[in-house]
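Notes follow once the structure below has been shown.
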Amino acid sequence: MKVGITETVLRDAPQSLIATRMRYDEFKDIVPTLDQVGYYSLECWGGATFDACMRYLDEDPWERLRNIRKLAPNSKLQMLLRGQNLLGYKHYPDDIVRKFIQYSVGNGIDIIRIFDALNDLRNLETAVNETVKQGADAQVAIAYTTSPVHTLENYAAMARHIEEMGATSIAIKDMAGIMTPRECRDLVTAIKGTTNLRLHVHAHATTGLAIMAYLKAVEVGADVIDTAISALSGGTSQPATETVVYSLEQLGFDTGINREKMKEVNDFFKPLRDKYLAEGLLDPKVLETDVDSLNYQIPGGMLSNLISQLKAGGQIDKLPQIIAETPRVRADLGYPPLVTPTSQVVGAQATANVLAGERYKVISKETRAYLRGEYGAAPGPVNQELIKKALGDTPRITGRFADALPDGWNEAVKEAGSLAHSPEDVLSYALFPQVFEQFAEEREKEHAAGEAGAPPSDPAGSAGEGATNPVATSVVSASGTRPPLPPSGNPGLAATVPNQGVKPPSSNVNQGRHLWLNYTIAEKYDVDDETAALLMAIVAHHMRVEPQQLTFKSIRER
């Protein structure tokens, strides 16, 4: 029997272990070898990579994808998409979803694994429809979790609906590595008995269960499983590719893997792993087998980010309390699976509950949005007292939230302005406006520095009043050609000091605002300065901005 292997070393492995900080330049030389190993697919894009490329790595995520496509012409390239959330943290209009999928496939993606954090299939309809229309594999993933409302019967019914909605394959996505061998066997059997779709199984090694679950999965008919090359495997990542391949082949399964090429891949990543360990980017904590995850169900990426944020805020000693609070918050919210973005909602609220010293003393904007129904329907009953405290008389949403959203493409083209050089840039702006503006402005500066000493450009071509938006013309033709970089005409986001009648204690605007906000939070919530700073860091993380860019209004809303 043939069993395919999806390699995650370019996306989910580094996302789970080092918070998606692996640079393209660090792995580009091994991509041609990855192309020769014989994987079913290479997972290389989507998830948190898109945001992290611009925010932390100074990379264009679209350029990364195009480069991987060139270096791996024989491989199926796979990405992870959060349904109506795309790669962001809120629901986007249908026209943005369709455009994003068009350009993802156009730039090289073959398989789009699409999921919704709440398993609300209404939030997948547009993405599935457009993926099929573009000729790519629309793979719908069931976010696996356990709770009183997540039963085998419900999962089987969900699989039937996924096939009916037009998906071309299906996946089980076990983010926290909590699926036992028996549960995996029973779930794979139920899905294979319910649908005719190709079935992929994705799990994390967090609890040590994943490799046993994988063996049971293939025994009862799973078609493809996800693994990570051993140098970046284990812990919150996936089980080691080599171990899985050796085990399956000894049992008589054909993986199609070239072992010599697979060893070349691992030999390449070993020094990178050692480098990440030496730099502190790879925390040994995320490499541990953590059986407590069977109770708190925190997925790998969420845990590594939480550890990183707590260390940065000097509050790592609060980790056990936050981990213990997480399942309690999850129960209050109706047992959502802990996967982006609901993992961030639950994790941030649990952190706020612990740091504030009182449950729900501070209720984040994201928690309020979840309770209102902006993310979709909760899987189970939600704490009614919490709803009343968070929403008051605000009505809840019962339909598909995106149905109420106006089209966003034309507005995004207009707002991105001259900073956008292509339709892909407009999509980057639509998903992460502030992050893209900062990234694009740095790109403009680098371009200007590279042009220093060259003859001045024609003033008629400068970006000013009446200038043509380069995207407005390139979008129409979608020819794939990139217009020349125009001179920067957008000053970007100007820093503004909160207008509260208090002068920040610094002549530097950003520094002053940061100190002022820290003081205000400490006073308002009666916490010490370190806790206030960490609360600011959490809010900034969810807004995808630096703490120095926060305003009093943004703090108050969250």
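Report yes if V265 is under 26 Å from the mean Cα position of the chain (by Cα) and either assigned to a helix (DSSP H, G or I) or touching a residue at least 40 places away in the same chain (Cβ under 8 Å) (or both), otherwise no.
For V265, the condition - under 26 Å from the mean Cα position of the chain (by Cα) and either assigned to a helix (DSSP H, G or I) or touching a residue at least 40 places away in the same chain (Cβ under 8 Å) (or both) - is met.
Looking for whichever is farther than 22 Å from L294 by Cα and modelled with pLDDT of 95 or more here; the options are G252, G234. Which one fits?
Exactly one of G252, G234 is farther than 22 Å from L294 by Cα and modelled with pLDDT of 95 or more, namely G252.
Report yes if L355 is assigned to a helix (DSSP H, G or I), at pLDDT 95 or above and in contact with a helix residue (DSSP H, G or I) (Cβ under 6 Å, 6 or more places away or on another chain), otherwise no.
So L355 does not fit the description; no.
Restricting the search to segment 301-348, which residues are over 14 Å from P379 (Cα atoms) and of a type in the set (K, R)?
K311, K318, R328
For segment 342-363, enumerate the residues that are buried (at least 22 other Cβ atoms within 10 Å of the Cβ) and either among the hydroxyl-bearing types (S, T, Y) or within 22 Å of the chain's Cα centre (by Cα) (or both).
T342, S343, Q344, V345, V346, G347, A348, Q349, A350, T351, A352 - these are the residues of segment 342-363 that are buried (at least 22 other Cβ atoms within 10 Å of the Cβ) and either among the hydroxyl-bearing types (S, T, Y) or within 22 Å of the chain's Cα centre (by Cα) (or both).
Between A402, A430, A416, which is part of a helix (DSSP H, G or I) and in contact with a Leu (Cβ under 9 Å, 6 or more places away or on another chain)?
Answer to the check: A430.
Residue check, R113 against (1) out of contact with any helix residue (DSSP H, G or I) (no Cβ under 9 Å at 6 or more places or on another chain); (2) farther than 21 Å from N305 by Cβ; (3) charged (D, E, K, R), all met but one. Which one?
Only one criterion is unmet by R113, namely (2).
Against the definition (crowded, with 21+ Cβ neighbours inside 10 Å, of a type outside the set (D, E), modelled with pLDDT of 95 or more and under 28 Å from E444 (Cβ atoms)), how does Y92 come out, yes or no?
So Y92 passes the test.
Go through segment 376-399 and report how many residues are closer than 17 Å to A331 by Cβ and either in contact with a Gly (Cβ under 6 Å, 6 or more places away or on another chain) or assigned to a loop (DSSP other than H, G, I, E, B) (or both).
7
Considering segment 214-238 alone, what residues qualify as being buried (at least 24 other Cβ atoms within 10 Å of the Cβ), among the small types (G, A, S) and part of a loop (DSSP other than H, G, I, E, B)?
Those that are buried (at least 24 other Cβ atoms within 10 Å of the Cβ), among the small types (G, A, S) and part of a loop (DSSP other than H, G, I, E, B): A222, S233, G234, G235, S237.
Rundown of residues vs (1) out of contact with any Leu (no Cβ under 9 Å at 6 or more places or on another chain); (2) more than 19 Å from P341 (Cα to Cα); (3) not in a helix (DSSP H, G or I), yes/no style:
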| position | (1), (2), (3) |
| --- | --- |
| V9 | no, yes, yes |
| A13 | no, no, no |
| S16 | no, no, no |
| T20 | no, no, yes |
| Y39 | yes, yes, yes |
| D51 | no, no, no |
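The values are calculated or read from the model by the stated rules, or taken from the named source; none is laboratory data. In this text, all values refer to a predicted model and were calculated from it rather than measured experimentally. Glycine also receives a Cβ, built like all others from the backbone with ideal geometry; neighbour counts cover every protein chain displayed.
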